[in-house]
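Written out below as structure tokens is the structure these notes cover.
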Amino acid sequence: MTPTLQVFLIVSAALFSAGLLAALSRRHAIFILIGIEMMLAAANLNFIAFWRFGPQSQPPTGVMIAIFSIAIAAAEAAVGLALVIAVYLHYRTTNVDHLDQLKG
Amino acid sequence: MSKSVDQIFVNAKQWLLSWLMPAPAWVVQIVSSLINIFALLAVFLTLFALMSVLERKILGRIQNRYGPNRVGPFGLLQPVADGIKMLIKEDIVPARADKLLHFLAPILIAAAAILALGVIPYGRNMTPFTIDGGILFFFAVGSTTELAVFMAGWGSNNKFSMLGAMRAIAQMISYELPLIITVLPVVMVVGALMPDRIVGAQAEYTLGVVPRWFVFTPWGATAFILFFVSGLVESNRTPFDVPEGESEIVAGHMTEYSGFKYATFFMAEYIGMFAITGLATTLFLGGWHSPVQVLEFIPSYVWFFAKLSTLLLVYIWLRGTLPRTRIDQIMNFAWKFILPMSFACVIAAAVWHYAGRGLRGWLWSFVVIAIVYTALSMLLDTQRKFAPRVYRFAE
Amino acid sequence: MNSAAFVLIAILTLAAALAAATLQKLMHATLSFAVALVGVAAFFFLLGAEFVGLVLIFVYIGAVAVLIVFTILLTRRDVGKDRGANWGGALLAVAVFGGLAWAVFKTQTVATGAPHIRALTVKRIGEALMTSYVWPLQCVGLLLTAALIGALVLVMEEKR
């Protein structure tokens, strides 16, 4: 007896808010990226849960979206981490509170 | 008669499960999986013990000396002595090491290696776990090894370990891509990711004599050699054992591990070797099929382990014969030669399939591979480096 | 049986995600992120989409987690700690979770059980990728190439 769709959505909402917590309250740039990746994983879980419990279309749409989302998340993580390294090479810090040269 | 010998393990498991008939279905399923797991562990841990002593003896013979020959007949009980030694050693953890990472790393590597063994077909109807994406499961589990190697290097709080871990990860990531792309032609030609179906597609014999294994096609032979070399690198074996080069970097990421944890790393490396050679046998050498039709009465698992042992002997032979390559030579080799050749294999497999799978397909795919190989050899300009050796002596 | 597996995986995933968001040591937080991703992959297996679960393990843990770990290595100046959660962020995250949970509970149509479906084989995914989704596939390939080249260009040091 698999749990209902509601339970899966609650779990994915909890995962999303954990990712949001990481993205909002961390100061190290890499952790903000980890938070974003967790939010993406939570959204993928949502897609697959809806595919499983919903009407089955001929190309399995939810699964396809999740596959492409994983690929795009990997590309975005690579570029994001390259940005963090580039910023570190220039400013010697990864603390996002210190990256405020465009402020004011 | 030969069929019942062939299926003896399957029948034994069914007989054991029949004792549990009144239990609910999920209990039977769990017990069935547990029997599979225990059988797998028993076979491969014994093979690991045997291989550790055989490797030392064969290396010794290659180097014109006896290997270990004191413990038991011909030294075959050496693993027992080694096991006792490893167990009674003091377990030293560096004071400023990260205790959790230091503890978890060998467990994770060993777990990943043993998990990868679960999807390989060892005989007719003898795959422990049939997953629809079996090959993908194998590679996904193998890719978690990199993170565990990094955990070992970082958790030891030691510069040698960190350097060794970074070299190991760089090497493993570079060769993971050719490993997967050389599997791609086989998956393309068969049309399935399940190892059972891949073995089943290599079943018949052309003209009744030559088996239809994928290694006897041009793209298959090239892909097999490239897969074999990439497997050598992935398991950190000589000539690619820069991460654990004893003369360079002490023991790389395993420096700060003593006693049983080191034995776990050792075991994980050997079981990773078994997994890669098992997969190579499944994909290219026809799995558990016999090479000639007259010998089909020999049970399927005997053929599988015979092929596995042959590949392991080639591994040991290479270890005893070749010197270690430098890390930059390893990376150059991966990105500039093996990767383009594996793409050529994919194209050659497609050409083989579309030119009919017979003699014409064979010739056309051979032409494709020969062209790419010649172009790569000329481009990589190895003539300069392979000039006749010049000796200069002190005057 | 299924419910027991679901509860275990849910506890593992959420605990690892919270640990990743609040732990102070960088390496521990990264590794609990990897454990949370294993939990999500286990959810995918439970839901019957094994291929996606395997792709997730392969891409996220085999590639993204290793990238993150390498970046931590390359950008540290012996700073191994980071501030954990703070009150503003925690409040906002709890508020978002509350809003989403309220929306889920309010909708009646999602309180359904699991229908029986055809098994999702790799063959079906492959056919869908090559017929209905061939344009997105090529675009993702192009995107990955562009991301790769862009990441390399970003970190190349300029030649003096």
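General remarks:
- For chain C, a Gaussian network of Cα nodes joined below 10 Å ranks C:GLY141, C:GLY150, C:GLY53 by mean-square fluctuation, and the top entry is C:GLY150.
- In chain A, the convex hull through the Cα atoms has an average projected area of 8.5 nm², a quarter of its surface area.
- Centre-to-centre separation between the Cα atoms of the range C:126-157 and those of the range B:1-79: 45 Å.
- Stretch gain in nm, segment C:LEU73-C:ALA15, where the contour uses 0.36 nm per residue and the Cα spacing is subtracted: 18.3 nm
- In terms of its C-alpha gyration tensor, chain C comes out oblate, because a/c is 1.5 or above while a/b does not outweigh b/c.
- Global geometry of the range B:155-293, whether rounded, prolate or oblate, following the gyration tensor of its Cα atoms and the 1.5 cut on a/c: prolate
- Relative contact order computed over chain C (Cα-Cα under 8 Å; 6+ residues apart), in percent: 19 percent
- Karplus (6.51, -1.76, 1.60) ³J(HN,Hα), θ = phi - 60°, over the range C:42-49, in Hz, Gly and Pro reported as x: 5, 4, 4, 4, 5, 7, x, 9
- Stretched out straight at 0.36 nm per residue, the stretch from B:ASN157 to B:ALA306 would grow longer than its current Cα-Cα span by 49.4 nm.
- DSSP-loop trypsin sites (Lys or Arg not before Pro) across the range C:17-77, with at most 14 other Cβ within 10 angstrom: C:ARG76, C:ARG77
- B:PHE366 sits among other residues whose Cβ lies under 15 Å from its own Cβ, and their net charge, with Lys and Arg +1 and Asp and Glu -1, is +2.
- Kirkwood-type radius of chain B, with distances r between different C-alpha atoms, in Å: 22.9 Å
- Spin-label model distance (nm) - B:LEU295 vs C:SER132, 7 Å beyond Cα toward Cβ: 5.0 nm
- Applying the criteria of a DSSP loop state and at most 13 other Cβ atoms within 10 Å to the chymotrypsin sites (Phe, Trp or Tyr not before Pro) of the range B:1-81 yields B:TRP19, B:TYR66.
- Qualifying trypsin sites (Lys or Arg not before Pro) in the range B:49-111, where qualification requires a DSSP coil assignment and no more than 16 other C-beta atoms within 10 Å, comprise B:ARG65, B:ARG70, B:LYS89, B:ARG96.
- Rounded, prolate or oblate (a/c below 1.5 giving rounded, otherwise prolate when a/b exceeds b/c) for the range B:1-66 by Cα gyration tensor: oblate
- Mean separation of Cα contacts under 8 Å, 6 or more apart, over the residue count of chain B: relative contact order %: 20 percent
Every read-out reported here was derived from the displayed coordinates using simple, explicitly stated rules and does not represent laboratory data. Predicted model, so just to flag it, every value in this text is computed and none were measured. In this analysis, Cβ positions are derived from the backbone assuming ideal geometry, glycine residues included, and neighbour counts consider all displayed protein chains.
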